[in-house]
Structure formats: C-alpha cells, structure tokens
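The structure appears below as structure tokens.
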Amino acid sequence: MKHFTKAALTGVAMATLLVAPAVAQNAWDMPTPYGDGIFHTQNIMQFADDLRAKTDGSIDITVHSANSLFGHAEIKDAVRDGLVPIGEILLSRLANEDPIFALDSIPFLAASYDDAEALWQASREAVAEALAEQGLTVLYAVPWPGQSLYLRQEVTEPAQMEGLSFRAYNVATERLAELLGATPTQVEETDIPTAFSTGRVEAMITSPSTGANAQAWDFTTHYIDTQAWLPKNVVFVNTDAFEALSDEERAALLEAAAEAEARGWDMSRAETDEKIAALEAGGMIIMQPSEALAAKLQEVGQTMTAEWEAQAGDAGQAVVEAYRNR
Ligand code: PCA
C-alpha cells in the first residue's frame, strides 16, 4: 500500500472537512412550557427547521417542550443567565416585573385579532426595551386564541361563579377570578387535566387550543365563548448569544423569526373555530355568554383596565393611548 506523506494526509483531512456536512456552530436548546400538541410548539419546530435550512445547519435548535428542560417559571431567567440561548414563555407571566408585560391579558381591551395586532404594534417597542434591560432580545410574539370559560354547569348569572375554585395561569387570571368572587389557583397548562381530576380546580378561562389539547370535555361540560383577550407567547434570545452570531446568522434568525410571527398569527386565527368545533365534537355544550354574564365580564375588564393604567404610569398610558388613537 502506498505510503502517504504528511502533506497528502493533510490534504485528505482538509477535503473531508470541506465535504462533510456542516457541524452546528450553534447547537441551541430551546425550552417552552407548552406541549407538542399546541400550535405554538409546532410553529417553533417549523422556525427551527427554517433556521437550520437558512444557515446550512449552523444554528441548530432543539425544542424542549412541555416544561421538560426548565419549568415555565424558570425559562426567562435561564435564557437571561445564558443557561440556554433561546426560549419561549407566556409574556404576561412577567407581569410582576413590569406592567407592560400584562397589557395583553386585560379582558376586552383587545379581544379580536385586529385589536390584538394593533395592541402588539403599540406595545412591542416597550416590551422589547423592558426585556433588553435583562439582556434579552425579542424575536417574535404570537397570540393564543381568545380566552373563554370552561365550566361544569350552565352559568347565566354572575353569582354562579362565586366560590368556584378557578384555575389561573398568570396574575391577570388570578385577579379576574377574584373579581368574579371565585378562588384562584395557579396551574400550569400541562397540569390542567390532573388539577381538574383531583378536584383542585373546577373552572377555567383559556383558549379553545388549550381546552381541546387538554380534552376539556373529560372534566367540564360548558364552553362559554367570551373570547375576552388574546395573551401572547414571546420568543426571545440571550442578547450576548445573539451578538456572537455572524452577520449572516443574525439576519437568518431575524428572517425566520419574522416568518414565524406571521405564520403563528395565521395559525392562531385558524385555530379559533377549528378548536371550538373540536370541543363540540368532544361533547361540550358551546354557548354565548348571557347578557348578565357578559355585563359582569365587561365590568371586570373595566376595573382591570383602570388598575393597569394606575400601575403602569405615564409610559404605560402612552402605549394604551397610541393603541386607542390608532
Ligand atoms: N393557553 C395557556 C395560556 C393562554 C392559553 O390559551 C394556558 O392556558 O395556560
């Protein structure tokens, strides 16, 4: 067998490097609280695929769904501290840090997709600035479908809500429960079926997406179609990790993010009717709110809007005014 010279060996090694598939420079783990059956997670998977394609594999995201890598309450700090470079959470989970994060969870402030979009346009910069202070760069946000009630009996009078143990997922849903005279209990989305089956909670307000994914017909009977607000998930990247990318990688990331945002809003819109139909097919009774219940929820929305404005000060006020005067 022919004896290779050192130079020839180097040449072989270099040729191998040139033809070998690109090794990911950025193998990124991405935690999300939500499961694989949720459209937000499917959208992230597509985002990861697109980004791999756009960068020839140099940004290679692995999605860790359903709180499997970090719990919902830990994801933001994990990205801030650089334990993972990228993550997704429900934006309003950060309400305790800054009222701007809670703006999309006020009942009836922005209850349609067009309004939700206008509210995001008016608030995006303020949200991005508040997260930038923590070393986080916002990539995109996508709303859940409108939030509606899931109950174990037909409710027409607001007084029927009093005393119910009510599942909450953020500060706003806790406050809503209180204002209805119910008793809030925080339960992660992935724990909803267990919380109902063990009797920890007996009512909730969430999207048809979450209701259908949890098979809400197994533990509730009535869906009251309030579609009261559209809370958003937000995807952010650690700013140091973002800045360490090459110009091309950064451009690809922003492009894939813009596409994921547009696609996510479309998916969300389509989900609304699709998943209400799934709830009905599962056996739930689909109802519109009675006049009395609708009036009570409007009143709760007004109270929560006033409370938010008092808390958010001039900067928050300016955002809401920009939204209202658009
Ligand atoms: N689903 C999530 C947040 C809002 C929604 O529609 C949840 O119920 O936790």
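Given the criteria of a type outside the set (Asp, Glu), in contact with a Gly (Cβ under 6 Å, 6 or more places away or on another chain) and crowded, with 19+ Cβ neighbours inside 10 Å, does Leu279 qualify? Show your work before the answer.
Working: of a type outside the set (Asp, Glu): yes; in contact with a Gly (Cβ under 6 Å, 6 or more places away or on another chain): yes; crowded, with 19+ Cβ neighbours inside 10 Å: yes.
Spelling it out, Leu279 is indeed of a type outside the set (Asp, Glu), in contact with a Gly (Cβ under 6 Å, 6 or more places away or on another chain) and crowded, with 19+ Cβ neighbours inside 10 Å.
Kindly indicate whether Leu254 is in contact with a Pro (Cβ under 6 Å, 6 or more places away or on another chain), of a type in the set (A, V, I, L, M, F, W, C) and more than 16 Å from the ligand (Cβ to nearest atom). Break it down stepwise before answering.
On the way: in contact with a Pro (Cβ under 6 Å, 6 or more places away or on another chain): no; of a type in the set (A, V, I, L, M, F, W, C): yes; more than 16 Å from the ligand (Cβ to nearest atom): yes.
No; evaluated as a whole, the condition is false for this residue.
Of the residues that make up segment 263-273, is at least one touching a Gly at 6+ places or on another chain (Cβ under 7 Å) and either touching a residue at least 12 places away in the same chain (Cβ under 8 Å) or of a type outside the set (D, E, K, R) (or both)? The answer is yes; a qualifying residue exists.
All of Ser123, Ser197, Ser112 fail the test of being within 16 Å of the ligand (Cβ to nearest atom) and at pLDDT 95 or above, apart from Ser112.
Between Ala322, Ala306, the distinction of being surrounded by 13 or more Cβ atoms within 10 Å (Cβ to Cβ), under 26 Å from the mean Cα position of the chain (by Cα) and among the small types (Gly, Ala, Ser) belongs to Ala322 only. Among the residues of this structure, Asn233 counts as one that is within 13 Å of Ile44 (Cα to Cα) and either of a type in the set (Asp, Glu) or surrounded by 16 or more Cβ atoms within 10 Å (Cβ to Cβ) (or both).
Note on segment 202-217: residues that are part of a strand (DSSP E or B) and within 16 Å of the chain's Cα centre (by Cα) total 2. Number of residues in segment 224-244 that are more than 27 Å from Ile75 (Cα to Cα) and within 13 Å of the ligand (Cβ to nearest atom): the value is 2. With respect to the stated conditions, Ser92 fails to be of a type in the set (Gly, Ala, Ser), surrounded by 22 or more Cβ atoms within 10 Å (Cβ to Cβ), under 14 Å from the mean Cα position of the chain (by Cα) and under 20 Å from Ala294 (Cβ atoms). Residue pairs whose Cβ atoms lie under 9 Å apart, sitting 6 or more positions apart in sequence or on different chains, and linking a residue in segment 134-152 that is more than 16 Å from the ligand (Cβ to nearest atom) to a partner that is of a type in the set (Lys, Arg), are Gln134/Lys76; Gln134/Arg80; Gly135/Arg80; Leu136/Lys76; Leu136/Arg80; Val138/Arg124. The single condition among (1) outside any helix (DSSP H, G or I); (2) open to solvent by 30 Å² or more (accessible area, probe 1.4 Å); (3) not basic (Lys, Arg) that Tyr223 does not satisfy is (2).
From the set of residues in segment 154-185 that are in contact with an Asp or Glu (Cβ under 7 Å, 6 or more places away or on another chain) and open to solvent by 30 Å² or more (accessible area, probe 1.4 Å), which is nearest to the ligand (Cβ to nearest atom)? Per the criteria, the residue is Pro184.
Taken together, the residues in segment 68-77 that are more than 14 Å from the chain's Cα centre (by Cα) and crowded, with 21+ Cβ neighbours inside 10 Å amount to 1. Determine whether segment 185-194 contains at least one residue that is more than 20 Å from the chain's Cα centre (by Cα) and closer than 20 Å to Asp104 by Cβ. No, segment 185-194 contains no residue that is more than 20 Å from the chain's Cα centre (by Cα) and closer than 20 Å to Asp104 by Cβ. Answer yes or no as to whether Asp56 is among the charged types (D, E, K, R), away from the ligand (no atom under 16 Å from the Cβ) and in contact (Cβ under 8 Å) with a residue 40 or more places away in the chain. When the stated conditions are applied, Asp56 does not pass them. With respect to (1) in contact (Cβ under 8 Å) with a residue 60 or more places away in the chain; (2) away from the ligand (no atom under 13 Å from the Cβ), the lone exception for Thr62 is condition (1).
State whether one or more residues within segment 236-243 are within 29 Å of Ala182 (Cα to Cα) and over 21 Å from the mean Cα position of the chain (by Cα).
We begin by selecting, within segment 236-243, every residue within 29 Å of Ala182 (Cα to Cα); these are none.
No - not one qualifying residue is present in segment 236-243.
The values are calculated or read from the model by the stated rules, or taken from the named source; none is laboratory data. Remember, predicted model here, so these are calculated numbers, not experimental data. Neighbour counts run over all protein chains shown; Cβ positions are idealised from the backbone, glycine included. With ligands, DNA and RNA removed, areas are computed over all heavy atoms of the protein, side chains included. Shrake-Rupley method; radii C 1.70, N 1.55, O 1.52, S 1.80 Å.
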